[in-house]
1. Kindly report the accessible area of region 73-124 per residue (heavy atoms of protein chains, probe 1.4 Å, no ligands, DNA or RNA), in Å².
2. For region 93-202, which whole percent of the accessible surface, found with a 1.4 angstrom probe, sits on carbon and sulfur atoms?
3. Would you tally the net charge around S227, using a Cβ to Cβ cut-off of less than 14 Å, leaving S227 out, and scoring K and R as +1, D and E as -1?
4. Can you give the Kirkwood hydrodynamic radius of region 26-94 from its Cα pairs, in Å with one decimal?
5. Output ³J(HN,Hα) for region 164-178: one whole-Hz value per residue in order, computed from phi by the Karplus curve 6.51 cos²θ - 1.76 cosθ + 1.60 with θ = phi - 60°, and x for Gly and Pro.
6. Here are some pairs, K35/K57; K51/K155; K54/K201; K57/K249; K77/K246; K28/K232; which of them have Cα atoms lying more than 25 Å apart in this structure?
7. Filter the GluC sites (Glu not before Pro) in region 40-100 to those in DSSP coil with at most 16 other Cβ atoms within 10 Å of their Cβ, and list the result.
8. Filter the GluC sites (Glu not before Pro) in region 186-224 to those in DSSP coil with at most 12 other Cβ atoms within 10 Å of their Cβ, and list the result.
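The values are calculated or read from the model by the stated rules, or taken from the named source; none is laboratory data. Remember, it's a predicted structure, so these values are computed and weren't measured experimentally. When we count neighbours, we look across all protein chains shown, and the Cβ atoms used for this are built from the backbone with ideal geometry, even at glycine. For the accessible areas, the whole protein counts, side chains as well, though only heavy atoms, and no ligand, DNA or RNA atoms are used. Shrake-Rupley method; radii C 1.70, N 1.55, O 1.52, S 1.80 Å.
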Amino acid sequence: MAPKKQIEETKDLQTEIWAGEKPVYNSKIEDVFQKLESRELGLTSQEARAKLQKYGKNALDEGKKMTLIQRFFEQLKDMMIIVLLVAALVSGIMAVINGHYADLIDSGLILLIVIMNAVIGLVQESNAEKALDALKKMNKPDAKVIRDGIQMSIKSEEIAIGDVIVLEAGDIVPADIRLIESVSLKIEEAALTGESVPSEKHVGELENENPPLGDRTNLCYSSGIVSYGRGKGVVFATGMSTEVGKIAKMLSSGGDDKTP
């Protein structure tokens, strides 16, 4: 995955592609290809490498992860844990002042319980993170692209802006795509648009200047599932610039709120 600084630059560059121009859904196919410096036969391998270098990989920013030490001390921030630590400290100080060193056992037991609780919490948290990482890896399917004029299968994170993607029933849309070909294509986008039924997709440019996401029928969004038909489209946004990436950015910018 690209470094955080590179991802920030990627978002700015991808926004600049359409700066001062018609939105991609209002543009003709030939204009989209021209703007993306692509063609119906797709990018060459050299062009794809150059664009990946310029715009970054097609991956979401997972944010900066805490170190093991930081995660351990996070376990000690609970109010009840703080009360126990203060109680252990006061008990230890009073035992030393009064010369009752046997009472230090109480402080030691409290500290031992706090440390054991923190370790157990850390282990459970680590196991949960490993499970989530495994699910993320499973959710990175290969994508069918046209490179050097031939169709091939590549990892979704290696998709570049301007790549031509082939979609068939059962495929997961790997990036935000402007359709150039559609044959009875229907895509399940409930997670993004809230639509309860698959959205029918068409090729022609839209007349409405600012339709809601669900009405942009010539676009396919990252994480959508092809439920019927087949199609082909050119990638105009990847990674954090996709609609899913924008949601991920909003989620990561919020704080961690504890339940009551």
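1. 70
2. Numbers: 3820 of 6240 Å².
Here it works out to 61 percent.
3. Net charge around S227: -3.
4. Computed over Cα pairs of region 26-94, the Kirkwood hydrodynamic radius comes out at 17.8 Å.
5. 9, 9, 9, 10, 9, 3, x, 6, 9, 5, x, 7, 7, 10, 9
6. The answer is K54/K201; K77/K246.
7. For GluC sites (Glu not before Pro) across region 40-100 that sit outside H, G, I, E and B with at most 16 neighbouring Cβ atoms in 10 Å, the list reads E40, E62.
8. In loop regions of region 186-224 (DSSP not H, G, I, E or B), the sparsely surrounded GluC sites (Glu not before Pro) are E207, E209.
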